[in-house]
C-alpha cells in the first residue's frame, strides 16, 4: 500500500467476527475493510443484519461473548487496537477520542441517574475535571446540542426527556471529551422525521466546528447523500462497494447498490410503485461460498460461485463483483412481472 | 412526600383495624374463650365467673365496642400466663426479636448481595455455579432442621457457642445464621438474575462505550437498577421473618423474643397475650410496607404517587 496520503484515523483491515450461538457459528463480519481520514464522514450503508452495527461494536471494543474477533485488525492512527498493548490504548481512547452514539436513545441512558450525573461522570473520567468544573462544562454541552434551560435539565432524569432530547443528550455525552472520531449507529432511526433532520443538522454542525471524523451507520440513503463524503455499502457481513458519495450514487457499480438506490423513493421520479430487491439476504450461519448477493442478483452468472475479489473502479472507489457497472436492473420491472405469476 | 406518607398511614390504619376485627371474630366466635383459657377441670361456676370478669357474657356488639375502645387505649387486657398487662409483655419481648431480625437480615443482605452480583459477572462460570449451588442448598434446607444441626455441631459438638438463650454476642450467632440462610439464598438468586438482566441493558453498553471501567459499570450503573426488585424481596424477607420465621428460629433456640412468646401464649391458651402479639405484628407489617414505599420513591425517580 502506498502511504502518500496522511495516516487514516481509523483503519479496519479484513475484519472477521463470529458469534458462537446455540444454532452454530454465525459469521457476523466476513472480511470488512475500510478507513476513515481525519475530518471525513464515512457512511456505512446496508440492510438489517448486514453487519453495520457489528462493525461499530468491534471498533468500540464492545464485542462480548458469544461474539469474538477471529481475524483482521483495527488500527487507530496506524496502531493496532487488538494487540495486548493496543487493548490498553483502546480502553483509554474509548469515550474520549473515540466515541459512539447509539440507535435507541430511549434505553441508552441509565434511568436512575440524572442527565447531569451522566455528563459529570464522563467528564470527570476523561477530562480530569473537578465536580463543579464538570458540571459547568456539562451545562455548556447541553447548550451546544440545543437543549434549552440546560442548568435545570441537568438535574432531571432521562424519563423527563423526549426521544429527540435524549438523543441530543447522547450526542452531548459523545462529544463531551472532544473526540476525534464519532461513530453514529443509526442515530435517527428511533426518532420522528422532523427530529431526525434536527439531529443530523446538529451532527453536521458539530463536525464542522470540531473537525471530527464521523462514521455514520444507516440504512437510509437520503441521510447519506446529505451528510457524507464517502460511502461503503455492506451486504451479508462484508463491504461490496465503496467510494465517494457522488460516484456511488450516480454510477453505482455493484448490482446490490444499484438495487438499493432504485428502491429509494425520489421526488424527481414519479414511478407508480417502488421496486424492491426480491428475496432476502443469505443466512450468515451458512453463508454461500461465492458472492453473497448471487441468489438475488439479476445478472448473476456461473462466475459468481467463486467469491469476487475487490477491485478498483475508474471513479476511484472499489467494488466486489465479477461484472461491475452492468446496468443490472435495467428491465427489473419486466423481470418482476414475469416472476409474479 | 408528606401527603404520600400520610395517605399510606391512613391506609395502614384501616389494615390494622381490619386485622383486629378478624382477631376479635376469631377469638370470640370460633371457640369459646372460657373453654380455651380455663383448665378442663373448671366448674360451671368458675366459667361463669371468668366470663363475667372479662365481659364475655355480654352481647357481641357490646363486646366489640369495648374491645375497640380498649384497643384505642392500647389496652389488650391482662396476660393470663404472666399475670400482667399483655402489651407490657409484648413490648418487653419486642427488642429481642427486632435484634434477631436486624442481625439476621443484615447478614443475609451483606453476604447475599455481593455474592449474587459477582456471580452475575460471569453467568455459568465456576463462581456462579458455586453461588447457585449454595443458594439451592440454602433454599432447600428446612429452617428448624438447620437450627438443630447448627446446635449439634457448633454448640454441643465443638462447644464454641451456647446452645440456647440470649444475652451475649455468642448467643446471637447461631439464631442469626439460621434466620439468615434461607433469606440469603433467595436474595443471592434474585440479585444474580437481576444483575445479569441489567448488564444486558443498552445503558450498560453505552456506559462501556463511554469508557467507564467495568467496576463502575457494575456498581454505579447496573447494581443500582438491579437493587430495585431486590429491595422488594428484602422487604418481604423482613415481613416474613417478623410474622413467621422468627417463631420457628426463636423456638428452636429458646430466644426470648416475640415469636417464642407467641408459641408460649398458644401453649398457655393466653388469648389476650396472643391478641396483643398479632396486633403488634400487624402494625409492624404496615410500617415496613410504608417504609418500603418511601424508599422506592427515593431510589427510583420514575415512581410517582400511586
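Based on DSSP H runs of at least 4 residues, each adding -39500 (n - 2.57), what is the mean residue ellipticity at 222 nm of chain B after dividing by all its residues, to the nearest 500 deg cm²/dmol?
Mean residue ellipticity at 222 nm (helix-derived): -23500 deg cm²/dmol.
Label sites at residue B:160 and residue A:289, each approximated as a point 7 angstrom past Cα along Cα to Cβ, lie 6.8 nm apart.
Computed over chain B, relative contact order equals 27 percent, with contacts defined as Cα pairs under 8 Å that lie 6+ residues apart. Ranking of A:266, A:124, A:302, B:186 by neighbouring Cβ atoms within 10 Å, starting from the fewest: A:302, A:266, A:124, B:186. On a C-alpha basis, how far is the centre of the stretch A:203-263 from the centre of the stretch B:193-233 in Å? Whole number, if you could? Using only Cα atoms to place each centre, the spacing works out to 35 Å.
Each peptide among B:262-268, B:51-57, A:229-235 gets the average number of other Cβ atoms lying within 10 Å of its residues, and from highest to lowest they stand as A:229-235, B:262-268, B:51-57.
Overall shape: oblate for chain B, with the ratio a/c of the largest to smallest alpha carbon gyration tensor axis at 1.5 or above and b/c at least equal to a/b. Sequence-distant contacts, meaning Cα pairs under 8 Å at least 6 residues apart, place the relative contact order of the stretch B:96-255 at 36 percent.
Look at the stretch A:92-105: the mean tally of other chain Cβ atoms within 10 Å of its residues' Cβ atoms is 3. Mean residue ellipticity at 222 nm, helices only, chain A: -9500 deg cm²/dmol; runs of at least 4 DSSP H residues each add -39,500 (n - 2.57), and the sum is divided by the number of residues.
Here the calculated FRET efficiency for residue A:79 and residue B:294, from their Cβ-Cβ distance with R0 = 30 Å, stands at 0.05, rounded to the nearest 0.05. Size descriptors for chain A, from the alpha-carbon set: Rg then Dmax equal 21.2, 70 Å.
Quick check on the stretch B:20-72: take the gyration tensor over C-alpha atoms, sort the square-rooted eigenvalues as a ≥ b ≥ c, and tell me if it's rounded (a/c under 1.5), prolate or oblate. Prolate shape, in that a/c is at least 1.5 and a/b is the bigger ratio.
Assuming R0 = 56 Å, what is the FRET efficiency of residue B:149 and residue A:13, from their Cβ-Cβ distance, to the nearest 0.05? Using R0 = 56 Å, I get an efficiency of 0.35.
Exposure proxy ranking for A:157, A:256, B:203, based on other Cβ atoms within 10 angstrom of each Cβ and starting from the fewest, stands as A:157, B:203, A:256. Using a cut-off of under 16 Å, list every residue of the stretch A:28-50 whose amide N is near the label point 7 Å from the Cα of residue A:263 along the Cα-to-beta-carbon line. Under 16 Å, as judged by backbone N against the label point of residue A:263, lie A:45-50 of the stretch A:28-50. Among B:41, B:166, a tally of other beta-carbon atoms within 10 Å of each Cβ gives an order, fewest to most, of B:41, B:166. The mean number of Cβ atoms from other chains found within 10 Å of a Cβ in peptide A:56-64 is 2, as a whole number.
Compute the FRET efficiency between residue A:127 and residue A:299 as 1/(1 + (r/R0)^6), taking r as their Cβ-Cβ distance and R0 = 56 Å, and round to the nearest 0.05. Result of the calculation: an efficiency of 0.55. The length gained on full extension between residue B:110 and residue B:64, counted as 0.36 nm times the residue separation minus their Cα-Cα distance, comes to 12.0 nm. Place a label point 7 angstrom from the Cα of residue B:214 along the Cα-to-Cβ direction, then list the residues of the stretch A:48-81 whose backbone nitrogen is under 11 Å away. From the stretch A:48-81, the list is A:65. For the stretch B:150-306, what does the alpha-carbon gyration tensor say about shape, rounded, prolate or oblate, given a ≥ b ≥ c as the root eigenvalues, a/c under 1.5 as rounded, and a/b over b/c as prolate? Cα axes put the stretch B:150-306 in the oblate bin.
Using a simple spin-label model with pseudo-atoms 7 Å out from Cα toward Cβ, residue B:73 and residue A:160 lie 5.2 nm apart.
I need to check one value: relative contact order of the stretch B:69-131, counting alpha carbon pairs closer than 8 Å and at least 6 residues apart, in percent. Relative contact order of the stretch B:69-131: 15 percent.
In this label model, residue B:42 and residue A:70 are separated by 8.5 nm, measuring between points 7 Å along each Cα→Cβ vector. Take the Cα of residue A:21, go 7 Å toward its beta carbon, and the backbone nitrogen atoms of the stretch A:34-74 under 11 Å from that spot belong to A:49.
A short reminder: the numbers here are calculations on the coordinates, not readings from a lab. Quick caveat, the model's predicted, so the values are computed rather than measured. We place every Cβ from the backbone using ideal geometry, glycine too, and count neighbours over all the protein chains shown.
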